[in-house]
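Student: Here it is, the structure in full.
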């Protein structure tokens, strides 16, 4: 999906060392709007499962999905970071060896630009 | 397909279907063949008419194949209908028992993304079942035709109170 409105945003996140995938995902549907993933990363599955986790986290904390949120899944092999804005979320698949602090910052900053990016001028 | 073979297949299909329901959080799921015959189901009770849903879904599938043909496509991959509270997904696949279709209804507890991801896993599990070999030897094209007519007749008779 080269040339989509989210290309620059995703490219910025993917430039971070240790990021194996970056996806813009429709939160309600769990479908990939645009994404870049390394070989071996099943983008559609990550998007669906992480969106499900994100929605549940929003519900558990009593806030709607329209609020800005950050959810991180810490696993043995790495992390999944999810930063949401409205109906969209930016997700990153992060290797264990990556600098988690820098990755969080990059994902959060990219997510801040999500809402305006896809809108027509 | 005779009754003994159908019972064997229904038992075998229940396990992967329950797995699909557990992983996706869908409310209703039913596996049917091309004629609308129910092979396995989860979640249907008095509120939802299983035979009606299966027959209508078989009809939708037939219509969508005809529409795909009109548009120069061999067939559409999946069908997804989204309502305000509930959504419907129809996914079909080829098997030794002919074309089968999974119909599932879900709400905000699941999503079309989850359903699509786990549908692929469900199909893979189903195709590995030994029961598919039973189906291969017991189902003929003539049976499909007869079953389709019979179940559609039954459904429409129910609708008009005949």
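None of the figures in this text is laboratory data; all of them are computed from the coordinates on show. Values in this document were obtained by computation on a predicted structure and should not be read as measured data. A quick note on method: Cβ atoms are made from the backbone with ideal geometry, for glycine too, and the neighbour counts reach across all protein chains shown.
Student: Where the convex hull is taken over the Cα atoms of the stretch B:66-124, what is its projected area averaged over directions, in nm²?
Tutor: Here the figure is 4.8 nm², rounded to one decimal.
Student: Pull out a ≥ b ≥ c, the square roots of the eigenvalues of the alpha-carbon gyration tensor of the stretch A:1-44, then state rounded if a/c is under 1.5, prolate if not and a/b is larger than b/c, and oblate in the remaining case.
Tutor: Because a/c hits 1.5 or more and a/b fails to exceed b/c, the stretch A:1-44 counts as oblate.
Student: Return, for the Cα atoms of the stretch B:1-112, the radius of gyration and Dmax in Å, separated by a comma.
Tutor: Just the Cα atoms of the stretch B:1-112 yield Rg and Dmax of 14.1, 41 Å.
Student: Please state, rounded to one decimal and in Å, the Kirkwood hydrodynamic radius that the stretch A:1-80 gives when every pair of distinct Cα atoms enters the mean of 1/r.
Tutor: 13.5
Student: Compute a Gaussian network model of chain A, connecting alpha carbons closer than 10 Å, and tell me which residue from A:49, A:23, A:88 fluctuates the most.
Tutor: The residue with the greatest mean-square fluctuation here is A:49.
Student: Shifting gears a bit: Over the whole of B:111-121, what's the average partner chain Cβ count within 10 Å per residue? Rounded to a whole number, please.
Tutor: Across the residues of B:111-121, the mean count of other-chain Cβ atoms within 10 Å is 6.
Student: Mean-square fluctuation check for chain A, GNM, Cα pairs under 10 Å: which of A:111, A:57, A:83 is largest?
Tutor: Comparing A:111, A:57, A:83 in the GNM, the peak value goes to A:57.
Student: What's the exposure ranking of B:120, A:76, going from fewest to most Cβ atoms within 10 Å?
Tutor: The most exposed by this proxy come first: A:76, B:120.
Student: Something else about it: Mean separation of Cα pairs under 8 Å and 6+ residues apart, divided by the residue count of chain A: what relative contact order is that in percent?
Tutor: 27
Student: Test of understanding: ordering A:14, A:81, B:101 by Cβ neighbours within 10 Å, fewest first, what list do you get?
Tutor: Fewest to most other Cβ atoms nearby, the residues stand as A:14, B:101, A:81.
Student: If each residue's Cβ is checked for other Cβ atoms within 10 Å, how do A:61, B:104 rank with the fewest at the top?
Tutor: Fewest-to-most Cβ neighbours within 10 Å comes out as A:61, B:104.
Student: Another question, then. How many partner chain Cβ atoms sit within 10 Å of a residue's Cβ in peptide A:43-54, on average, as a whole number?
Tutor: For peptide A:43-54, the averaged partner shielding equals 4.
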